[in-house]
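Each remark here refers to the structure printed beneath this line.
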Amino acid sequence: MKHLIAPSILSADFLNLGKEIQMVNQSQADWFHLDVMDGMFVPNISYGQPVIKAIAREADKPLDAHLMIMDPDRYFDDFKNLGVEYLTVHYEACTHLHRSIQRIHNLGMKAGVALNPHSHISLLEDVIADLDMVLIMSVNPGFGGQEFIHRSYTKITKLRELIDRNNAKTLIQVDGGVTLDNASSLIAAGADVIVAGSTIFKSESPDETIRQLKQI
């Protein structure tokens, strides 16, 4: 499978959000990546359901929501109603992770689990076959524009081994500090989905940057 590109809307120009959405629609990007933060699980607040509802009205590509929030199960129905296709929760935020994964699937969405930089791949051994995606956080969650954590390459490789060992179809997504310089190494390590925020939206030509990321 050719790797997928998911621009992170967190880095978009919110004064011109409609224009930014149309740029992604017309680009070679595959998904819209939506970072939802509650100011409790991570030390930042991003945007919530009204903004995502507005994005969904204009988006022509799948919505990929990453919930950096406490007790995310409270909002699963809401994100389903917003039209989210991929819903990712944090291992560290779910007391009953298997139950959360089941509920996401029962609502008709694809289930992902994110791991913070300190969390080991082995934590997912008992649920990997149930997951549509694992998100490796290659920065500490909460803020865009951070420096890439190089240990992430090893985590991606180990995750790929775990997926293959269980004959799973799980996608590997990487988010944090992704640039044109390291994207090829991430893909070589086993990443399937590349999330990029500042690299895309702060570039002189975002659609060209997406094209370059896609062509790697």
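If I ask for residues that are under 18 Å from Ala196 (Cβ atoms) and of a type outside the set (A, V, I, L, M, F, W, C), which ones from segment 48-68 would you list?
Filtering segment 48-68 for residues under 18 Å from Ala196 (Cβ atoms) gives 55, 59, 61-66, 68.
Residues satisfying the conditions are Lys61, Pro62, Asp64, His66.
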Query raised in the report: Is there a residue being touching a residue at least 24 places away in the same chain (Cβ under 8 Å) and more than 30 Å from Asp181 (Cα to Cα) anywhere in segment 43-50?
Result: yes
Query raised in the report: Has segment 16-25 got at least one residue that is in contact with a Gly (Cβ under 9 Å, 6 or more places away or on another chain), crowded, with 18+ Cβ neighbours inside 10 Å, of a type in the set (A, V, I, L, M, F, W, C) and more than 20 Å from Glu92 (Cβ to Cβ)?
Result: no
Query raised in the report: When the residues of segment 186-200 are filtered to those that are surrounded by fewer than 21 Cβ atoms within 10 Å (Cβ to Cβ) and within 18 Å of the chain's Cα centre (by Cα), which remaining residue is nearest to Ile5 (Cα to Cα)?
Result: Asp192
Query - Lone unmet requirement of (1) among the charged types (D, E, K, R); (2) more than 16 Å from the chain's Cα centre (by Cα); (3) modelled with pLDDT of 95 or more for Lys2 - result: (3)
Query raised in the report: Across segment 83-124, what is the total count of residues that are at positive phi and without any contact (Cβ under 8 Å) to a residue 12 or more places away in the chain?
Result: 0
Report summary line: Of (1) surrounded by fewer than 22 Cβ atoms within 10 Å (Cβ to Cβ); (2) under 17 Å from Cys94 (Cα atoms); (3) of a type outside the set (S, T, N, Q); (4) under 18 Å from the mean Cα position of the chain (by Cα), Met40 fails just (4)
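The values are calculated or read from the model by the stated rules, or taken from the named source; none is laboratory data. All values reported here derive from a predicted model rather than from experimental measurement. When we count neighbours, we look across all protein chains shown, and the Cβ atoms used for this are built from the backbone with ideal geometry, even at glycine.
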